[in-house]
Ligand SMILES: [Zn+2]
Ligand SMILES: [Zn+2]
């Protein structure tokens with residue numbers, strides 16, 4: 001079973017307390033992918049061809065910039081720009097054709113729009129993370145189905161973020177059937193809603209604490225309610 005490869009990271013993630021173990025796993029994959037991108041690999045021709053083609057999304061270009069390998073990033077971006085300039089020049093030279101009369105001209109697009117659209121939706125780092133992360137999602141569902149220990153740990157976890165709730169929901173609809181499907185979906189919904197409510201209530205107390213009448217009340221679990229609410233709603237870790 002392919003999922004066997006991924007059971008250890010999934011099991012570890014659900015053991016350490018976090019508002020979304022899947023976000024935690026994604027963050028680890030992301031950090032590894034950033035290290036990889038700026039490691040010796042960027043000097044390899046076949047990897048360079050892929051970074052030239054895909055470029056990077058805004059989230060990952062920020063993370064790459066923070067990594068401090070400025071020369072590596074500059075070399076990659078320079079050859080990515082060489083390719084972009086060459087490709088767009090070629091597409092523009094194909095020319096957008098203009099048809100119609102004096103007052104109403106129809107411009108038929110050349111391939112520039114599609115090219116930019118595709119470029120805006122590709123990222124070398126996202127692409128490197130994607131397959132493994134989808135296996136993690138499948139593994140959570142698979143482990144729930146096959147391991148009763150994991151089922152308990154899953155139900156006792158601190159829940160998941162909205163995006164990963166949606167991904168698990170969709171995965172379950174294709175991977176499970178019958179009683180197992182309804183049991184998973186019930187537990188998943190319960191886990192998600194119950195923990196969203198818990199963090200929402202922490203956030204509510206955090207807001208109340210701004211009222212001077214409550215200034216001397218204890219913080220309870222609300223001191224870090226805002227970063228936890230951000231993780232639940234957007235999957236972002238605030239550092
Ligand atoms: Zn998440
Ligand atoms: Zn990306």
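No value in this document is a laboratory result; all are computed from the given coordinates. Given the structure is predicted, the values throughout are model-derived calculations rather than measurements. A quick note on method: Cβ atoms are made from the backbone with ideal geometry, for glycine too, and the neighbour counts reach across all protein chains shown.
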Once both labels are modelled 7 Å past Cα along the beta-carbon direction, what's the residue 115-residue 36 spacing in nm? 2.9
Just round it to a whole percent: the fraction of Cα-Cα distances in segment 1-69 exceeding 17 Å. 56
Could you tell me how many degrees, from 0 to 90 and to the nearest 10, lie between the Cα long axis of helix 124-146 and the main elongation axis, the longest principal axis, of the Cα atoms of the chain? 30
Between the modelled labels at residue 61 and residue 182 (7 Å from Cα along Cα→Cβ) the distance in nm is 5.0
Give, in nm to one decimal, the length gained when the segment between residue 223 and residue 16 is fully stretched (0.36 nm per residue of separation minus the Cα-Cα distance). 72.5 nm
If you take the Cα Rg of segment 154-206 and divide it by 2.2 N^0.38 Å, with N the number of residues, what do you get? 1.25
Residue-normalised 222 nm signal for the chain, counting each DSSP H run of n ≥ 4 as -39,500 (n - 2.57), nearest 500 deg cm²/dmol, is -23000 deg cm²/dmol
Nearest-0.05 FRET efficiency for residue 5 and residue 216 at R0 = 41 Å, using Cβ-Cβ distance, is 0.20
Would segment 46-92 count as rounded, prolate or oblate if I go by the C-alpha gyration tensor, calling it rounded below 1.5 in a/c and otherwise prolate when a/b exceeds b/c, oblate otherwise? prolate
Determine the equivalent ellipsoid of the chain by diagonalising the alpha-carbon gyration tensor, then write out the semi-axes as square roots of 5 times the eigenvalues, largest first, rounded to whole Å. 41, 24, 22
Whole-number percent relative contact order across the chain, with pairs defined as alpha carbons under 8 Å at least 6 apart: 24
Cα gyration tensor shape for segment 132-228, rounded if a/c is under 1.5, else prolate or oblate: prolate
Please compute the modelled spin-label separation between residue 94 and residue 239, points set 7 Å along Cα→Cβ, answer in nm with one decimal. 4.2
